[in-house]
Amino acid sequence: MSFGTALKMCRNQKGISQTELSHLSGYSISYLSLLEKDKRDPNLSTIEKICAALNIPVSIFIFLASNKNDLKGISDELAKQLSLTALQLMEADSANANLST
């Protein structure tokens, strides 16, 4: 996967538009679009702000954005299971947040 793919996937999983993420993170819609298309490489502070806006731990996001070379020693099946579990937890978190509002 890539940073952009992970960003778009997490944003969609949380049900947040680019416009809403722009307001939450302080980054422009055009910059977020460039990130999602992998046309810009964010620094760590940018990743931290975006993860805070999405209410996702940075470590989980980095894992989701990792490619096969980054995950040496972890089987493809385990990586898929971990990714699926992370996405399900985000979905459950979003559902719980919607119930409390």
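The values are calculated or read from the model by the stated rules, or taken from the named source; none is laboratory data. Please read these numbers as outputs of a predicted model, since none were measured by experiment. Neighbour counts are summed over all protein chains in view; Cβ atoms, including those assigned to glycine, are modelled from backbone coordinates with ideal geometry.
For region 55-78, the count of residues that are at pLDDT 80 or above, loosely packed, with under 15 Cβ neighbours inside 10 Å and over 15 Å from PHE3 (Cβ atoms) is nonzero. Residues that are charged (D, E, K, R) and in a helix (DSSP H, G or I) were ranked within region 38-67; the one that is nearest to ILE16 (Cα to Cα) is LYS49. When THR19, THR5 are checked against the criterion of being β-branched (Val, Ile, Thr) and over 18 Å from VAL58 (Cα atoms), a single residue qualifies: THR19.
Listed by first and then second residue, the pairs with beta-carbon distance under 9 Å, at least 6 apart or on different chains, first residue in region 71-85 and within 21 Å of PRO57 (Cβ to Cβ), second at pLDDT below 75 and exposed (fewer than 11 other Cβ atoms within 10 Å of the Cβ), are ALA79/LYS68.
Scan region 12-33 for residues that are touching a residue at least 12 places away in the same chain (Cβ under 8 Å), in a helix (DSSP H, G or I) and either over 15 Å from the mean Cα position of the chain (by Cα) or under 18 Å from LEU64 (Cα atoms) (or both) and jot them down.
First pass over region 12-33, keeping only residues touching a residue at least 12 places away in the same chain (Cβ under 8 Å): 13-16, 18, 21, 24-27, 32-33.
Applying the additional criterion that residues be in a helix (DSSP H, G or I) yields 13-14, 18, 21, 24-25, 32-33.
GLN13, LYS14, LEU32 - these are the residues of region 12-33 that are touching a residue at least 12 places away in the same chain (Cβ under 8 Å), in a helix (DSSP H, G or I) and either over 15 Å from the mean Cα position of the chain (by Cα) or under 18 Å from LEU64 (Cα atoms) (or both).
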